[in-house]
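Shown next, in structure tokens, is the structure this report addresses.
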Amino acid sequence: MTDILTLNAGSSSLKFGLFELDNPGAEPVAQILGEIDRIGNGPHMRARSAAGAVLSDAPLSSEDAADHACALERVLELIARARPGAAIDAVGHRIVHGGPDHAVPVRLTPEVLDALARLEPLAPLHQPHNLAGVRAALAAFPQAVQVACFDTAFHRHHPWVNDTFGLPRAYYDKGVRRYGFHGLSYDYIAGRLTQIAPHLHAGRVIVAHLGNGASMCGMIGGRSIASSMGFSALDGLPMGTRCGQLDPGVVLYLMQHEGMGADEIADLLYRRSGLLGVSGLSHDMRELEAAGTDPAYQAIGYFVFRIRRELGGLSAALGGLDALVFCGGIGENSVHIRQKVCEGMGWIGMELDELRNRRGETVISTDLSRVRVLVIPTDEEIVIARAARDMLGQIG
Ligand code: ADP
């Protein structure tokens, strides 16, 4: 029996999963899934067993989870308690940026870690935290195989026109490109489509990953053709606190006329914009849906409008559309957002079945709808666990 740990370190959170592998070719089976959030500032640990039993739902002291290394210690204590004897043979890490070169997961060596640290300027608000998680795990499990799984990797085969900006070529060569993110989620959805609707997997599919972070990806035959996110995790759809698509002239204006520096602008665009900024109320879709105030309606309206614009643009990039898949916390749970996105989309051949949508069925379009609309819960952790299993298999 082999145990695999998956880690997904965000700016103030550490999501984790413990998976068991029966034999080298088997599917990893989740045993424990959990998260510590608000690391360093009122941390809270939640974890449940695969069977749904609550293993932890309690605040931690700020010293107990002062940083990612401390948080990992708490995770290991929980695993030791819940599954005495678990021996971690491999650790899989979600890494936001793999740069232009990484199209597949890679084994983490000191050299790879150095190379990934050099990409920090490309994802300053995510990459350093991801790598903090890696360093903590390398210290805790020096013998284990450690694998990096990149959010950018799924998009590395974009056609050139979807990989570039209209800037002088030298910037492309320096790495200023449209990378695209949420690749682990898209990879999972592409895999699920091969199981539940192989004919759709072969066709033209748009996946809307709508969570706190949100993006959309157009695929043909399960490969990414275009993504709403570009150079950074800011572009495309408005998100919980990120602005989404923005005229770069706005950034120039903020610098030249509002006297804002780079750090202030980064804080504005990453942490104070999106649903939170437009509503002035909350980054959280559930709270906005419950609020019933004009600014909340406007924030939701803007979110939906941008999704519909991307839907049109990505459909053109794909040369038509066979299926739309919703996933992520909002995509999987919000009946209202799914309905608003699909409303009046008959022109593209899409017709929502309201009852199926309310029930949250897998297929929520009518039988007559030419474009199928699906809801597929995503699972980034299993994608990481499979990559760790494959790496264990490769190195014997
Ligand atoms: P992350 O990007 O942090 O993984 P999630 O995928 O968990 O985020 O999505 C979080 C978002 O999903 C929040 O805006 C939350 O309000 C929203 N959400 C979760 N459940 C519902 C629901 N039942 N109705 C509407 N929105 C929901």
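The values are calculated or read from the model by the stated rules, or taken from the named source; none is laboratory data. Bear in mind the structure is a predicted one, so any value in this text is a computation, not a measurement. Don't worry about glycine lacking a Cβ; one is built from the backbone with ideal geometry, like all the others, and counts go over all protein chains shown. Ligands, DNA and RNA are stripped out before the accessible areas are found, and what is left, the full protein with its side chains, is counted by its heavy atoms. Shrake-Rupley method; radii C 1.70, N 1.55, O 1.52, S 1.80 Å.
Some notes on this structure:
- Picking from residues in the stretch 126-153 that are in contact (Cβ under 8 Å) with a residue 40 or more places away in the chain and open to solvent by 40 Å² or more (accessible area, probe 1.4 Å), the one that is nearest to residue 231 (Cα to Cα) is 126.
- Search result, residues across the stretch 239-289 that are farther than 17 Å from residue 337 by Cβ, among the β-branched types (Val, Ile, Thr) and within 14 Å of the ligand (Cβ to nearest atom): 241
- The set of residues in the stretch 146-158 that are touching a helix residue (DSSP H, G or I) at 6+ places or on another chain (Cβ under 9 Å) and either more than 21 Å from residue 96 (Cβ to Cβ) or in a loop (DSSP other than H, G, I, E, B) (or both) comprises 151, 152, 156.
- Qualifying residue in the stretch 337-354 (condition: modelled with pLDDT of 95 or more, within 16 Å of the ligand (Cβ to nearest atom) and out of contact with any strand residue (DSSP E or B) (no Cβ under 8 Å at 6 or more places or on another chain)): yes
- Elements of the type helices (runs of 4 or more DSSP H) sitting completely within the stretch 288-376 and holding at least 1 residues that are free of Cβ contacts under 8 Å to residues at least 24 places away in the same chain and open to solvent by less than 10 Å² (accessible area, probe 1.4 Å): these cover 294-318, 354-359.
- Hits in the stretch 27-51 (condition: within 16 Å of the ligand (Cβ to nearest atom) and open to solvent by 40 Å² or more (accessible area, probe 1.4 Å)): 33, 35, 38, 46, 48
- Subset of the stretch 70-94 (residues that are touching an Asp or Glu at 6+ places or on another chain (Cβ under 7 Å) and outside any loop (DSSP other than H, G, I, E, B)): 70, 74, 88, 89, 94
- Conditions (1) touching a Gly at 6+ places or on another chain (Cβ under 8 Å); (2) within 22 Å of residue 141 (Cα to Cα); (3) surrounded by 16 or more Cβ atoms within 10 Å (Cβ to Cβ); (4) not hydrophobic (A, V, I, L, M, F, W, C): number failed by residue 24: (3)
- Filter result for residue 98 (in a loop (DSSP other than H, G, I, E, B), open to solvent by less than 30 Å² (accessible area, probe 1.4 Å), closer than 27 Å to residue 4 by Cα and at pLDDT 95 or above): yes
- Looking only at residues in the stretch 265-284 that are small (Gly, Ala, Ser) and assigned to a helix (DSSP H, G or I), the one that is surrounded by the most Cβ atoms within 10 Å (Cβ to Cβ) is 274.
- Verdict on residue 260 being more than 22 Å from residue 98 (Cα to Cα), without any contact (Cβ under 8 Å) to a residue 12 or more places away in the chain, open to solvent by less than 60 Å² (accessible area, probe 1.4 Å) and not polar (S, T, N, Q): yes
- Evaluating residue 218 against the criteria (1) open to solvent by less than 10 Å² (accessible area, probe 1.4 Å); (2) touching a Gly at 6+ places or on another chain (Cβ under 6 Å) leaves one unmet condition, (2).
- Filter result for residue 313 (among the small types (Gly, Ala, Ser), within 16 Å of the ligand (Cβ to nearest atom) and over 23 Å from residue 360 (Cβ atoms)): no
- Remark: pairs (first residue in the stretch 1-18, of a type in the set (Ser, Thr, Tyr); second residue assigned to a strand (DSSP E or B) and surrounded by 24 or more Cβ atoms within 10 Å (Cβ to Cβ); Cβ separation under 7 Å; 6+ apart in sequence or on different chains) = 6/16; 6/17; 6/19; 6/92; 13/36.
- Among the residues of the stretch 293-310, some residue qualifies, meaning at least one is closer than 19 Å to residue 241 by Cβ, within 14 Å of the ligand (Cβ to nearest atom) and of a type in the set (Gly, Ala, Ser).
- Selected residue (criterion: surrounded by the fewest Cβ atoms within 10 Å (Cβ to Cβ)) from residues of the stretch 166-184 that are more than 30 Å from residue 328 (Cα to Cα) and aliphatic (A, V, I, L, M): 170
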